[in-house]
Amino acid sequence: MAAAIGEQPSIELWYEDFRQPLSTAKLAAVDARRATPLITWEPWAWGGGTTQTAYRSSRITSGAHDAQIRQWGQTLASWGKPVLLRYGHEMNGTWYPWADGVNGNKAGDYVAAWRHVHALVTAQGATNVRWVWSPNVPYPGSTPLAQLYPGDAFVDVVALDGYNWGTSQSWSAWQNPDALFGQGLAELRTLAPAKEIIIAETASAEQDGSKTDWNTRLIAYLDAQPDVSAVVWFDHQKETDWRIASSAASATALAAALASRR
């Protein structure tokens, strides 16, 4: 990705589930590239689907996973350098087992689990961690963000995940960046007006529009948001080809948009 756009990332994001201990190897590799780690910590077992009773939020709050959480806290504390920790992202949707209303979780369970995990990691001395609360961009039927916010004392950075799916899916349509992020940014500013904002995941499909134009518009739109400090591109071929270099034109457009800011 860096080679495609001539830009060295200052933040590198990756994903971990609740089964593995945290290793410092990835932290060290990211640090060697002079970037800040952004770890998405997912309270589930990968591949297990949205119904995973062992990872209900109430199980986390009751202490069933405390040993694992403490290990993470101790490792993060011993690492000592800045880490962005994104626990249970996109919690306002229904596609992950930590969302309220899914997997037996009741209203308020997500917030209780967040606060429990935050307290346990902090108690291990991991004061180098900045906690990133990262919902999906709101959509019709999503859980209201105010019901899921743990509170200013438990959050350092607020974030949004948002994708332009184009017509890559039967239910989707093209969305320019302002339409995609506008409502969510307004809600974050109301909910947590003093917090730094990042776009923690974004990308565009190619189908039904100009990805090159979208890339240019994205950087211009975010550059006009003074409280948005960073954007992380989801550079993977997954549901569709989200990669920056899905075409040479896409990579060239994003590179030019970023270069214009220097």
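For the reader, a short list of remarks on this structure follows.
- Scanning region 210-223 for residues that are buried (at least 17 other Cβ atoms within 10 Å of the Cβ), of a type outside the set (A, V, I, L, M) and farther than 20 Å from His236 by Cβ returns Thr216, Arg217, Tyr221.
A quick yes/no check of all residues on (1) more than 14 Å from Arg86 (Cβ to Cβ); (2) surrounded by fewer than 21 Cβ atoms within 10 Å (Cβ to Cβ); (3) out of contact with any Asp or Glu (no Cβ under 7 Å at 6 or more places or on another chain); (4) in contact (Cβ under 8 Å) with a residue 40 or more places away in the chain:
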residue	(1), (2), (3), (4)
Ala146	yes, yes, yes, yes
Asp156	no, yes, yes, yes
Asn164	yes, no, yes, yes
Ser168	yes, yes, no, yes
Pro177	yes, no, yes, yes
Phe181	yes, no, yes, yes
Glu187	yes, yes, yes, yes
Leu191	yes, yes, yes, yes
Ile197	no, no, no, yes
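- Verdict on Ala32 being within 27 Å of Ala107 (Cα to Cα), among the aliphatic types (A, V, I, L, M) and open to solvent by 30 Å² or more (accessible area, probe 1.4 Å): no
- Looking only at region 39-54, and only at residues there that are touching a strand residue (DSSP E or B) at 6+ places or on another chain (Cβ under 9 Å), outside any loop (DSSP other than H, G, I, E, B) and of a type outside the set (S, T, N, Q), the one that is surrounded by the most Cβ atoms within 10 Å (Cβ to Cβ): Ile39
- Applying a threshold of 6 Å to beta carbon distances and a minimum spacing of six or more residues, or different chains, the list of pairs starting in region 110-135 at a residue that is over 20 Å from Met91 (Cα atoms) and β-branched (Val, Ile, Thr) and ending at one that is open to solvent by less than 40 Å² (accessible area, probe 1.4 Å) and not in a helix (DSSP H, G or I) reads Val129/Val83; Val129/Leu85.
- Of the residues contained in region 228-245, one or more are found to be closer than 15 Å to Gln175 by Cα and either open to solvent by less than 30 Å² (accessible area, probe 1.4 Å) or assigned to a strand (DSSP E or B) (or both).
- Selection within region 177-229 - in contact with a Ser or Thr (Cβ under 7 Å, 6 or more places away or on another chain), β-branched (Val, Ile, Thr) and over 19 Å from Val132 (Cα atoms): Thr212
- Some residue of region 80-90 being open to solvent by 50 Å² or more (accessible area, probe 1.4 Å) and at pLDDT 95 or above: yes
The values are calculated or read from the model by the stated rules, or taken from the named source; none is laboratory data. Computed from a predicted structure; not experimentally measured. A quick note on method: Cβ atoms are made from the backbone with ideal geometry, for glycine too, and the neighbour counts reach across all protein chains shown. Accessible surface is based on the protein model in full, side chains and every heavy atom, while ligands, DNA and RNA are left aside. Shrake-Rupley method; radii C 1.70, N 1.55, O 1.52, S 1.80 Å.
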